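Report on the following structure.
The values are calculated or read from the model by the stated rules, or taken from the named source; none is laboratory data. What you see is a predicted model, and the numbers here were worked out from it, not measured in a lab. Ideal geometry is used to build each Cβ from the backbone, glycine not excepted, and the neighbour counts take in all protein chains shown. Surface areas here come from the heavy atoms of the whole protein model, side chains and all, with no ligands, DNA or RNA. Shrake-Rupley method; radii C 1.70, N 1.55, O 1.52, S 1.80 Å.
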Amino acid sequence: METVYAPTEARLLTSQSSFRFVDLHGLFGDALWRLPVVLRVLLENVVRNVVDEERRAAVEGIFAWLAHGTSEVEIAFQPNRVLMHDTTSTPALVDIAAMRDAVAEAGADPTALNPVLPVDSSVDHSLAVEFFAVPDAAGQNLKLELRRNRERYGFLRWASRALRGVTIHPPGTGIMHTINLEQLATVVTVQERDGEQWAVPDTLIGTDSHTPMINGIGVLGWGVGGLEAQTVMFGMPVMQRIPDVIGVRLTGALKPGICATDLALTVTQRLRQIGVSGEFVEFFGAGVVTLSAGERSVVANMAPEYGASTGFFPVDAATLDYLLATNRSPAAIELVEAFTKRVGLWLDPSAEPKYTRTIEIDLGSIGMHIAGPRRPQDLLDYSQTSAVLAKLGFEPATANAALPKHPVAIAAITSCTNTSDPALLIAAGLVARKARGFGLKVPPWVKTSLGPGSPAAASYLERAGVLDDLSALGFDIVGYGCTTCIGNSGPLTEAIRDGMASKAIYPVAMLSGNRNFPGRIHAELDLAFIMSPLLVIGFALAGDAERDLSLEPLHVTAQGTPIFLADLWPTREEIAAHVAAASEPTDYPEAFSTASANPQWHALQSPASARYPWDPKSTALRRPPFASTNEGSQLGRYKAYPLLVLGDDVTTDHISPASAIPPESFVADYLVERGDDRNDLNVFASRRGNWEVMVRAAFFNRTLVNLLKPDAPVAHTLHVPTQEVVPIFEAAQRYRDAGASVVLIAGERYGTGSSRDWAAKGQRLLGIRAVLAVSFERIHRSNLIGMGILPLRLPAGANPVTLEIQPGDTIEVDAAAELLAPRGPVTVRIVRADGSSETIIATAAVETKLEIALLRSGGVIPLILKKVISSQSA
């Protein structure tokens, strides 16, 4: 291997063109085949984008990885593009608008602040299921969405005009990951470099944890926090250790009747079982070729649920089939095949690359599964709901003869996870057709909905002849967005609300989503099971979450004939025939183009200025205080009060909710005082452009227990100096006014769940200088650092229970900026209220030198501002 490892003059010829490319095998020989394919993608990126000594160190580090399957070497990854959605792009773009103000106030040109990479943002996270089980539900919900979010959407339209390279995809165009699959991803893209055309792998980062869905078609991308994405937008690489890579060998084939959802839930359980946390995952083996690209994408989508950064499937013939089915051009498909085969990114089902660790899954052993009722890794057979719910020990306080004890409150075919593969939706439609043929109906207390990831779904479902069947059971399309999966499920039915008010029932949600944390699907529901779209319809028909659908009938006819779920289940051949009949590649660009041209969207008013004109009366958009040149580092040696002490599995939904704003909450009071309608406050996610709302929303979750004051009301804590229980934001303000520091203490997997950067921004605004936790989920850890908050990993044996933090205890942190190092020790002294003390050695949960620089600067935004302002002054 050459010392400099520079790209050669190699050329790739297709029938229509010639391209320069990085010839990995020509540079590195047969050693290349020992690397996981996902590391080959990183290797190509390094060779193409990094120079001189940094390139040499990165390349040698990647090949040295082969010795042990792990490495401490840092490499720079430079993706081609950034993917966002409206509730992550809004705060990011608000930050950029505020940074433009700061640049102008420093005497520099605000228009110099522009992303240097293409940024695509879908408007998919604000669609609520207010109207359902009616034919025009989608149109009514879209109209309501545009009215509720008029100001915020006008701001997004401003950003798309004022900032170069920012594209906003309007409501109705689909879910970001489905748009990525169907419209944006190229698998192999063409770049112009030094006047020549280069063929390069399509790569990206996304501000949503389910970005790895695109791994299903061989595109490397993963989820990051919005703050890390901002650094990448402005030209900084993603700095990371060469990742550990878990290999999942797939053998055999799925049995008839088993769906990709069943496989995804099995993978989630198996990988969480071995403690996957941030590693890359790659699928290999003969079983991979039995899966379609749609099925692979279902599995890849759930990477965050199984703890991984990626769920990568290399390119093969199934990828090409998918590109053809979604109307990619013959030239583009030819380039994908030629490039991936030549560069070594094409799947070899017999290959056995080196992995950090390997597990094996026999596809033929997988059964019909669900997961829940509170975590996606808790795998169950679909017959086990009754046994699991019985363990909860719920006893009705009053009788309600009209409802079962555990009624199905929500039955939602939702989420990019299980609605982006046409085969899954068509299969669900066939279940609906057979149910309709038997005269089955969904009980009136069940709220049903169908929220596909793609507007093309309406066309292919109609062509398959099942759209009317779904509608007959109440599964009318409610719109094309994330809906119930992210908590935008709208109000429950009156029967369920009344039953809950009288404590007669303990209702359950059934959904084809990816997460089921308490309160995520609906603020009033803490039980939910994840399952395939087919099973969602089955449980909707049952109406009773305790029904064993493997043994008990869904219905008994007037003639006494029992109708079982098995009677409704379509065969593999039926599904394949209907998919083939429904397939029309032009559906995808035509439906997307029609939705993009929505006149209601284009009629929204938006400013034309380079700087955004903030409205001081707005309750949706406010200039955030942290987008300033005055924000400094929070590192140092200090004594702090614990603002909150929390347990395990605190999710970003707990930290910064996205669901409906409770009308009787103090957050609602704040908005109503400023003129908003208490009965139409929208969801927390719609307020992420207003820091005043979001700091009040921090930790607003009724299921969250604050161990410092376990009986405190929602989003309250103990202000220790006065011994008063007050809202968390008020306690934080009191500490700040007194010049006191605060920290937060938590258990395992702190920050699991969605990538939302407001989970970190809220903590920064509360003044939290450090979070001490047993472990952190990857994206939230990155977001904390992006806001200048130091994540500290507690030593073995130390956790919120064993530390026994009591009111009056203080925490002394020795985190001097000049001494902080990646994964370095940090001394923490706990001073008890009685004067005694104990010392523990925590570990800085900081992975790279860039993260150290961010903490020393006070976070991402001060670093970007310094870079932009100094470049102009120079």
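The helices (runs of 4 or more DSSP H) located wholly in the range 386-483 that include 2 or more residues which are open to solvent by less than 20 Å² (accessible area, probe 1.4 Å), of a type in the set (Ser, Thr, Tyr) and in contact (Cβ under 8 Å) with a residue 60 or more places away in the chain occupy 415-419. Looking across the range 697-743 at every residue that is without any contact (Cβ under 8 Å) to a residue 40 or more places away in the chain and small (Gly, Ala, Ser), the one that is nearest to Arg520 (Cα to Cα) is identified as Ala712. Go over the candidates Gly372, Gly367 one by one and state the one that is in contact (Cβ under 8 Å) with a residue 40 or more places away in the chain, on the phi < 0 side of the Ramachandran plot and in contact with a strand residue (DSSP E or B) (Cβ under 8 Å, 6 or more places away or on another chain). Being in contact (Cβ under 8 Å) with a residue 40 or more places away in the chain, on the phi < 0 side of the Ramachandran plot and in contact with a strand residue (DSSP E or B) (Cβ under 8 Å, 6 or more places away or on another chain) holds for just one of Gly372, Gly367, which is Gly367.
Among the residues of the range 105-135, those identified as over 25 Å from Ala685 (Cα atoms) and either among the charged types (D, E, K, R) or within 24 Å of the chain's Cα centre (by Cα) (or both) are Glu105, Asp109, Val116, Leu117.
Of everything in the range 678-701 that is in a loop (DSSP other than H, G, I, E, B), modelled with pLDDT of 95 or more and more than 21 Å from the chain's Cα centre (by Cα), the residue that is farthest from Ile830 (Cα to Cα) is Arg678. Scanning the range 699-715 for residues that are of a type outside the set (Phe, Trp, Tyr) and either open to solvent by 30 Å² or more (accessible area, probe 1.4 Å) or closer than 17 Å to Ile486 by Cα (or both) yields Asn701, Arg702, Thr703, Leu704, Val705, Leu707, Lys709, Pro710, Asp711, Pro713, Val714.
Within the range 640-653, can one find any residue that is open to solvent by less than 60 Å² (accessible area, probe 1.4 Å), in a helix (DSSP H, G or I) and under 27 Å from Gln230 (Cβ atoms)? The answer is yes; a qualifying residue exists. Candidates are the residues of the range 563-610 that are among the hydroxyl-bearing types (Ser, Thr, Tyr) and not in a loop (DSSP other than H, G, I, E, B); the one that is farthest from Thr111 (Cα to Cα) is Tyr588.
Given Gly788, Gly797, which one is assigned to a loop (DSSP other than H, G, I, E, B) and surrounded by 24 or more Cβ atoms within 10 Å (Cβ to Cβ)? Sole residue among the options that is assigned to a loop (DSSP other than H, G, I, E, B) and surrounded by 24 or more Cβ atoms within 10 Å (Cβ to Cβ): Gly788.
So which residues in the range 379-413 are under 16 Å from Arg497 (Cβ atoms) and of a type in the set (S, T, N, Q)? Of everything in the range 379-413, those that are under 16 Å from Arg497 (Cβ atoms) and of a type in the set (S, T, N, Q) turn out to be Thr398, Asn400.
So which residues in the range 805-862 are acidic (Asp, Glu) and in a strand (DSSP E or B)?
Glu812, Asp814, Glu838
If the condition is being within 15 Å of Gln763 (Cβ to Cβ) and not in a loop (DSSP other than H, G, I, E, B), then the range 654-669 contributes His654, Ile655. Of the residues Leu66, Leu113, Leu32, the single one that is of a type outside the set (Asp, Glu) and either crowded, with 23+ Cβ neighbours inside 10 Å or under 30 Å from Trp614 (Cα atoms) (or both) is Leu113. For Asp567, the conditions (1) surrounded by 12 or more Cβ atoms within 10 Å (Cβ to Cβ); (2) within 31 Å of the chain's Cα centre (by Cα) all hold with the exception of (2).
Here Thr571, Thr594 are screened, and the one residue that is over 30 Å from Trp158 (Cβ atoms), out of contact with any helix residue (DSSP H, G or I) (no Cβ under 8 Å at 6 or more places or on another chain), at pLDDT 95 or above and not small (Gly, Ala, Ser) is Thr571. Taken over the range 327-364, the residue count meeting the criterion of being surrounded by fewer than 21 Cβ atoms within 10 Å (Cβ to Cβ) and among the hydroxyl-bearing types (Ser, Thr, Tyr) is 4. Counted as qualifying within the range 1-89 are the helices (runs of 4 or more DSSP H) with 3 or more residues that are under 30 Å from Asp124 (Cβ atoms), namely 37-49.
When every residue of the range 599-619 is checked against the conditions, at least one turns out to be closer than 21 Å to Arg764 by Cα and either among the charged types (D, E, K, R) or open to solvent by 10 Å² or more (accessible area, probe 1.4 Å) (or both).
Gln183 passes all but one of (1) open to solvent by 30 Å² or more (accessible area, probe 1.4 Å); (2) assigned to a strand (DSSP E or B); which number fails? Among (1) open to solvent by 30 Å² or more (accessible area, probe 1.4 Å); (2) assigned to a strand (DSSP E or B), the lone unmet condition for Gln183 is (2). Taking Ala98 as the residue in question, decide whether it is farther than 28 Å from Leu204 by Cα, in contact (Cβ under 8 Å) with a residue 40 or more places away in the chain and outside any loop (DSSP other than H, G, I, E, B). So Ala98 does not fit the description; no. Does any residue in the range 195-220 that is at negative phi and surrounded by fewer than 24 Cβ atoms within 10 Å (Cβ to Cβ) come within less than 6 Å, Cβ to Cβ, of a residue that is of a type in the set (Asp, Glu) and modelled with pLDDT under 95 six or more places away or on a different chain, and which pairs are these? Nothing qualifies. For the range 745-773, the set of residues classified as under 25 Å from Pro212 (Cβ atoms) and open to solvent by 30 Å² or more (accessible area, probe 1.4 Å) consists of Glu748, Arg749, listed by residue number.
Only one of Val725, Val672, Val742 is open to solvent by 50 Å² or more (accessible area, probe 1.4 Å), among the aliphatic types (A, V, I, L, M) and either out of contact with any helix residue (DSSP H, G or I) (no Cβ under 7 Å at 6 or more places or on another chain) or not in a helix (DSSP H, G or I) (or both). Can you tell me which?
Val725
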